[in-house]
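The values are calculated or read from the model by the stated rules, or taken from the named source; none is laboratory data. These numbers were taken from a predicted model, which means no experiment stands behind them. For neighbour counting, all protein chains shown are included, and Cβ atoms are generated from backbone atoms with ideal geometry for every residue, glycine included.
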Amino acid sequence: MSSTRPWTPLVLVAVLGVILVGCTPRTPEAVRLDDGATDSRSVEEAVVVGEQDVAAARSVLMRHLDALSSGDTEVLLETSAEYTHYIFTQPSWPEQAGSWAQMRVITLERPGKYLDDETMRQVCRDVLGHDPYQVAVFHLVAERPFATTGDQEMSLDVVMVRPSADSGWLVHDKGR
């Protein structure tokens with residue numbers, strides 16, 4: 001006669017079930033958006049901007065700044081958020097672009113001096129209607145002769161946004 005206890009198979013099934021469930025990759029907790037929809041990234045993933053992200057955002061920003069200096073409207077439209085395109089499509093833009101032609105970047109650093117990532121995430125939420133995937137604020141100091149004030153240096157923060165995990169970095173706003 002076998003000494004198998006009747007509950008042994010049940011224990012074995014339960015242990016295997018716990019192991020399988022514990023080893024199954026989980027979908028990140030969904031983020032509830034203002035409009036009631038959900039986003040498939042976790043809150044932590046939405047906030048974290050790693051070194052590679054910073055390098056990618058910096059590269060797009062430098063391309064944007066070079067395009068400002070050269071007046072390259074096509075690159076400006078590629079590197080800026082769609083809701084800012086009106087700036088570069090106005091008939092007066094070529095005149096404004098000329099005032100940027102002599103700009104020279106002195107420093108471009110993280111974090112921002114006047115604005116912070118989390119505050120700008122909230123501002124972007126209002127503009128975009130949902131949380132952007134990532135936000136990175138840079139502080140820019142540049143040399144640029146200003147005809148109206150005679151000042152030679154400007155200091156401002158530039159807000160970079162990645163609207164979704166599938167999109168690239170875009171210039172959202174500049175300011176103090």
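Quick notes
- The range 70-117 - residue that is of a type in the set (F, W, Y) and assigned to a helix (DSSP H, G or I) and, of those, farthest from V158 (Cα to Cα): W93
- Every pair of residues 6+ apart whose Cβ atoms lie under 6 Å, when the first sits in the range 155-167 and is farther than 18 Å from H139 by Cα while the second is of a type outside the set (A, V, I, L, M) and at pLDDT below 90: P163/P132; S164/Y133; A165/Y133
- Unique match (being loosely packed, with under 13 Cβ neighbours inside 10 Å, out of contact with any Ser or Thr (no Cβ under 6 Å at 6 or more places or on another chain) and over 16 Å from W169 (Cα atoms)) among T89, T119, T73: T89
- Criterion: surrounded by 15 or more Cβ atoms within 10 Å (Cβ to Cβ) and either modelled with pLDDT under 85 or farther than 30 Å from E153 by Cα (or both) - qualifying residue of R63, R41, R26: R41
- Take the conditions (1) under 18 Å from S70 (Cα atoms); (2) in contact (Cβ under 8 Å) with a residue 24 or more places away in the chain; (3) surrounded by fewer than 14 Cβ atoms within 10 Å (Cβ to Cβ); S80 misses just one of them, which is (3).
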